[in-house]
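Peer 1: Quick one: structure below, then a few questions.
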Amino acid sequence: MSDKKRKATSAAASRPSAKQQKLVSTKEEKKKQRAAGWLQELVNQQRSEKRDMKLNKKRLRFLSDTQKIKQGSDGVLYWMLRDHRVQDNWALIHAQRLAIKENLPLHVCVCLVVPESEVSTLRHYSFMLKGLEEVAKKCKRLDIQFHLLHGSAGEILPGFVSDHSLGAVVTDFSPLREPLQWLEDLKKKLPNDIPLIQVDAHNIVPCWVASPKLEYSARTIRGKITKLLPEFLTDFPPVEKHPYTATITAKPVDWVETLASLQVDRTVGEPEWAKPGTKAGMAMLESFIDVRLKVFDTQRNDPNAPALSQLSPWIRFGHLSAHRVALQVQQGRKSTGQSVASFIEELVVRRELTDNFCFYNKKYDSLEGAYEWAQKTLKDHAKDERPYLYTREQLENAKTHDKLWNGAQYQMVTEGKMHGFLRMYWAKKILEWTSSPEEALSIALYLNDRYELDGQDPNGFVGCMWSICGIHDQGWKERPVFGKIRYMNYKGCLRKFKVAEFEKKYCPKKL
Ligand SMILES: Cc1cc2nc3c(=O)[nH]c(=O)nc-3n(C[C@H](O)[C@H](O)[C@H](O)COP(=O)(O)OP(=O)(O)OC[C@H]3O[C@@H](n4cnc5c(N)ncnc54)[C@H](O)[C@@H]3O)c2cc1C
C-alpha cells in the first residue's frame, strides 16, 4: 500500500461512520435538550413539522344557525374564554384557518369580568392577567390583534363585532354556569348572519364526543376516552404569523394599571412558587418530566414527596394545554412506564370526567347534584352528633384540634395549593366537623375557590362533591355523620406518610 493510500485509510478509520456520527449527535442533542429549556425547543420543532395537521371537525360545533362566514367582512374573532394561550389551542388554530381561507385578518379578545364575590382575589386575577399579557405579546409577534375588553360577552361582543365588521366568532368551551350564560347571551344577541363556533380546546377528547350523558364514575368513562385517544391525542400544528394585517388595530393594554384597578380581594396574594404564563407552565412541565415523573406512581400519595406535576394552575387557566402535557409525558414512556400510565389516568380520565360532570349536571356544586343513595345517607345522618363543631371562620384560620388539617389549610391559604391526597382528607373533615353536609359543602367550596390557585374549576367542584357527597364513588360501610360516604381519618394518614414531618413544616405559625 502506498503512503498516500495508507494515510487516507487510517484517516477514514479514525473518522466516525455515518451511523456512529448519528449516535454521537443524538447523544449530544439529548445532552443539550436536558439543559433547561429543552422542552420548549423540542415542542417548537415538533409543531413546525406538523403544519399540515388537520383539525378533527368533531372538536367543534356550530352554536348558530348559519355556518358560513359573513361575506364582505373584515376579520375573524376568537373570543378566548377559558384557554388563555396562543399555541396548542385548537380554537385559535381553527379561527386562524378560517381567516386564512377567506383572506381575512385575525382578532383575539378576552372579555374581562370580575364578579363581586369573596372568591375574586388578587391571587387569581394576577395569575390570569399576567398570563394574558404573555398571550398579547405573542399575538403581536404573529400579527394577530389582541383586545382586552371589559364586560361580559353578551353585553359587549355584538357591538364589537359590528364595529370591527367581523364575519365569524370562534370560542372555546367551559362547562361552568357563568361562562355558559355568557355564551347563551351572546348567542341571542349576535346577528343571524354571523356564525358562532365553539371548539373544545380544553379536553383532549371533546366533552360532547367523550360521552353524550352524565357518566357515573371513572370506571364508566375510562373505556370511552381511552378508545378515542388515538383519534384525538394528535400533534398540534402551529399558530403562525398571520398573513393578513388588520386595518383596525387593538388598543394597547396597560397591564399594571388594569390589575391595579380591579375590584378584587388583595389580602389573598400571589404565591411565590407559581409564575403565570405558558412559558412558566412549560418550565414546570419540563421539571416534572426530568425529575418527578419517575416517582409519580410510587409516591403520589405522599404529601412530603416531590412527586406530583404541580401543573394544575396552568391547566386551570389554560396557560398550558393538558393535551400538550399528555403528548410530552408519553414520550418518556420507556423509562417511566407505570408512572406515565398513572399520570395519564389523573390528567386525562379524572380531569375530563369533571368536565363531563359539570356539563351534564346543572347542580354540580350542590347536594342536590349527588346520587340519590348519597343524598339519602347524608340526610339519615344529618342529626348525628359531631365530634367537633367549627365555624367557617375557625376553619379558615386553621384553628382546629388537628395539626395535620391545620397544616394543609395553612399551606392552602399561604401558598395557594394543597397536595391531592390531603385535599380529600381536608374536605372529609369539614363534613365531619360542621353542622350539616350543606354547610360542609359550601365551606369547602368557599375555601377551595378562594385560596387554591387552581380553584373555581370543574376539578374543584368535583373534588369537593366526591369527598362530601360521594359522587363518582360508591357506598361504604355505614358510620356516624358520613353514613355511607367514604371515610378518612388521621390514623389512615399515619399509615400513608410521615404526618409529623408535614405538620412540622406547615402547622401554622399564625394566619
Ligand atoms: C377536595 C378537593 C378539591 C380539589 N380542588 C381542585 C381544584 O380546585 N382544582 C384542580 O385543578 N383540582 C382540584 N382537585 C383535584 C386534584 O387534587 C388536583 O388537581 C391536584 O392535586 C393538582 O395537583 P397536580 O397538578 O400536582 O396534580 P397531578 O397529580 O400531577 O395531576 C396532573 C393533573 O391531573 C389533573 N388531576 C389530578 N388529580 C385529579 C382529580 N382527582 N380530579 C380531576 N383532575 C385531576 C389536574 O389537572 C392535575 O394538574 C381537588 C381534589 C379534591 C379532593
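The values are calculated or read from the model by the stated rules, or taken from the named source; none is laboratory data. Because the structure is a prediction, the values reported are computed rather than measured. Heads up, the Cβs are rebuilt from the backbone with ideal geometry, glycines too, and the neighbour counts pull from every protein chain shown. When the accessible area is computed, the model is the full protein with side chains, heavy atoms only, and any ligands, DNA or RNA have been set aside. Shrake-Rupley method; radii C 1.70, N 1.55, O 1.52, S 1.80 Å.
Peer 1: Within segment 327-348, can you find the residues that are among the aliphatic types (A, V, I, L, M) and either crowded, with 18+ Cβ neighbours inside 10 Å or in contact with a strand residue (DSSP E or B) (Cβ under 6 Å, 6 or more places away or on another chain) (or both)?
Peer 2: Keep residues of segment 327-348 that are among the aliphatic types (A, V, I, L, M), which gives 327, 329, 340-341, 344, 347-348.
Those that are among the aliphatic types (A, V, I, L, M) and either crowded, with 18+ Cβ neighbours inside 10 Å or in contact with a strand residue (DSSP E or B) (Cβ under 6 Å, 6 or more places away or on another chain) (or both): LEU327, VAL329, VAL340, ILE344, LEU347, VAL348.
Peer 1: Right, next: Quick check on my filter: what residues within segment 452-461 are open to solvent by 10 Å² or more (accessible area, probe 1.4 Å) and either in contact with a Ser or Thr (Cβ under 8 Å, 6 or more places away or on another chain) or among the charged types (D, E, K, R) (or both)?
Peer 2: ASP454, ASP457, ASN459, PHE461 - these are the residues of segment 452-461 that are open to solvent by 10 Å² or more (accessible area, probe 1.4 Å) and either in contact with a Ser or Thr (Cβ under 8 Å, 6 or more places away or on another chain) or among the charged types (D, E, K, R) (or both).
Peer 1: Pairs please, first residue from segment 193-208 and over 15 Å from VAL349 (Cβ atoms), second anywhere and crowded, with 24+ Cβ neighbours inside 10 Å and modelled with pLDDT under 95, Cβ atoms under 7 Å, 6+ apart in sequence or on different chains.
Peer 2: Partner pairs satisfying both residue conditions: none exist.
Peer 1: So which residues in segment 165-185 are open to solvent by less than 30 Å² (accessible area, probe 1.4 Å) and of a type outside the set (Gly, Ala, Ser), if there are any at all? Explain how you work it out, then say what you get.
Peer 2: Residues of segment 165-185 that are open to solvent by less than 30 Å² (accessible area, probe 1.4 Å), as a first pass: 166-176, 179, 183.
Residues satisfying the conditions are LEU166, VAL169, VAL170, THR171, ASP172, PHE173, PRO175, LEU176, PRO179, LEU183.
Peer 1: Determine which single condition LEU142 fails, assuming it passes every other condition in (1) on the phi > 0 side of the Ramachandran plot; (2) over 24 Å from the mean Cα position of the chain (by Cα).
Peer 2: For LEU142, the failing item is (1).
Peer 1: Is there a residue in segment 347-360 that is more than 14 Å from the chain's Cα centre (by Cα), part of a loop (DSSP other than H, G, I, E, B) and on the phi < 0 side of the Ramachandran plot?
Peer 2: In the first step, residues of segment 347-360 are kept if they are more than 14 Å from the chain's Cα centre (by Cα); the result is 356-360.
Add one more test, that the residue is part of a loop (DSSP other than H, G, I, E, B), and what stays is none.
Within segment 347-360, not a single residue is more than 14 Å from the chain's Cα centre (by Cα), part of a loop (DSSP other than H, G, I, E, B) and on the phi < 0 side of the Ramachandran plot.
Peer 1: Could you list, ordered by first residue, the pairs with Cβ atoms under 7 Å in which the first is in segment 476-499 and in contact (Cβ under 8 Å) with a residue 60 or more places away in the chain and the second is among the hydroxyl-bearing types (Ser, Thr, Tyr) and open to solvent by 20 Å² or more (accessible area, probe 1.4 Å), at least 6 apart or interchain?
Peer 2: Cβ pairs passing all conditions: none.
Peer 1: Can you tell which of GLY463, GLY420, GLY455 is touching a Lys or Arg at 6+ places or on another chain (Cβ under 7 Å) and touching a residue at least 40 places away in the same chain (Cβ under 8 Å)?
Peer 2: Working: GLY420 fails: touching a Lys or Arg at 6+ places or on another chain (Cβ under 7 Å); GLY455 fails: touching a Lys or Arg at 6+ places or on another chain (Cβ under 7 Å).
Among GLY463, GLY420, GLY455, only GLY463 is touching a Lys or Arg at 6+ places or on another chain (Cβ under 7 Å) and touching a residue at least 40 places away in the same chain (Cβ under 8 Å).
Peer 1: Let me ask something additional. I need every pair where a residue in segment 54-83 that is farther than 20 Å from LEU157 by Cβ has its Cβ under 7 Å from the Cβ of a residue that is in a helix (DSSP H, G or I) and open to solvent by less than 10 Å² (accessible area, probe 1.4 Å), sequence separation at least 6 or different chains.
Peer 2: LEU55/TRP90; LEU55/ILE93; ASN56/PHE232; ARG59/TRP90
Peer 1: Which of (1) within 15 Å of the ligand (Cβ to nearest atom); (2) within 19 Å of GLN310 (Cβ to Cβ); (3) buried (at least 21 other Cβ atoms within 10 Å of the Cβ) is the odd one out, the single condition GLY407 does not satisfy?
Peer 2: Of the numbered conditions (1) within 15 Å of the ligand (Cβ to nearest atom); (2) within 19 Å of GLN310 (Cβ to Cβ); (3) buried (at least 21 other Cβ atoms within 10 Å of the Cβ), the odd one out for GLY407 is (1).
Peer 1: Determine whether LYS130 is basic (Lys, Arg), modelled with pLDDT of 95 or more and part of a helix (DSSP H, G or I). Break it down into steps so the answer makes sense when it comes.
Peer 2: On the way: basic (Lys, Arg): yes; modelled with pLDDT of 95 or more: yes; part of a helix (DSSP H, G or I): yes.
Here the answer is yes, as LYS130 does meet what is asked.
Peer 1: Answer with yes or no whether MET412 is open to solvent by less than 20 Å² (accessible area, probe 1.4 Å) and of a type outside the set (Phe, Trp, Tyr). Full working, then the answer.
Peer 2: Working: open to solvent by less than 20 Å² (accessible area, probe 1.4 Å): yes; of a type outside the set (Phe, Trp, Tyr): yes.
Yes; evaluated as a whole, the condition is true for this residue.
Peer 1: A further question on this structure: If I filter segment 367-377 down to residues being in a helix (DSSP H, G or I) and within 16 Å of the ligand (Cβ to nearest atom), which single residue comes out as surrounded by the most Cβ atoms within 10 Å (Cβ to Cβ)? Let's see the steps before the verdict.
Peer 2: Taking segment 367-377 and keeping what is in a helix (DSSP H, G or I), we get 367-369, 372-377.
This time we only want the ones that are within 16 Å of the ligand (Cβ to nearest atom), so: 367, 369, 374.
Numbers: LEU367: 19, GLY369: 20, ALA374: 23.
Per the criteria, the residue is ALA374.
Peer 1: So which residues in segment 267-319 are of a type in the set (Lys, Arg) and either within 16 Å of SER126 (Cβ to Cβ) or more than 10 Å from the ligand (Cβ to nearest atom) (or both)?
Peer 2: Hits for segment 267-319 are LYS275, LYS279, LYS294, ARG316.
Peer 1: OK, next. I need the helices (runs of 4 or more DSSP H) fully contained in segment 242-315, keeping only those with at least 2 residues that are of a type outside the set (A, V, I, L, M, F, W, C), surrounded by 19 or more Cβ atoms within 10 Å (Cβ to Cβ) and touching a His at 6+ places or on another chain (Cβ under 8 Å). Talk me through it step by step, then tell me what you get.
Peer 2: Working: elements: 255-261, 278-287, 293-299.
Hits in segment 242-315: 278-287.
Peer 1: Also, quick follow-up: Pick out the one residue from VAL114, VAL110, VAL119 that is within 20 Å of VAL264 (Cβ to Cβ), open to solvent by less than 10 Å² (accessible area, probe 1.4 Å) and not in a helix (DSSP H, G or I). Let's see the steps before the verdict.
Peer 2: Details: VAL114 fails: open to solvent by less than 10 Å² (accessible area, probe 1.4 Å); VAL119 fails: open to solvent by less than 10 Å² (accessible area, probe 1.4 Å).
Step by step, each of VAL114, VAL110, VAL119 is checked, and only VAL110 is within 20 Å of VAL264 (Cβ to Cβ), open to solvent by less than 10 Å² (accessible area, probe 1.4 Å) and not in a helix (DSSP H, G or I).
Peer 1: Restrict the check to segment 469-483 and report whether at least one residue is within 16 Å of the ligand (Cβ to nearest atom), open to solvent by 30 Å² or more (accessible area, probe 1.4 Å), modelled with pLDDT of 95 or more and closer than 18 Å to ARG423 by Cβ.
Peer 2: no
Peer 1: Name the residues in segment 386-405 that are out of contact with any Leu (no Cβ under 9 Å at 6 or more places or on another chain) and not in a loop (DSSP other than H, G, I, E, B), would you? Full working, then the answer.
Peer 2: First, the residues of segment 386-405 that are out of contact with any Leu (no Cβ under 9 Å at 6 or more places or on another chain): 386-391, 393-394, 400-403.
Answer for segment 386-405, where residues must be out of contact with any Leu (no Cβ under 9 Å at 6 or more places or on another chain) and not in a loop (DSSP other than H, G, I, E, B): GLU393, GLN394, LYS403.
Peer 1: Of all residues in segment 418-461, which are near the ligand (Cβ under 6 Å from one of its atoms) and assigned to a helix (DSSP H, G or I)?
Peer 2: Step one: filter segment 418-461 for residues near the ligand (Cβ under 6 Å from one of its atoms), giving 420, 423-424, 427, 448, 452, 454-455, 457, 459-460.
Answer for segment 418-461, where residues must be near the ligand (Cβ under 6 Å from one of its atoms) and assigned to a helix (DSSP H, G or I): GLY420, ARG423, MET424, ALA427, ASN448, ASN459, GLY460.
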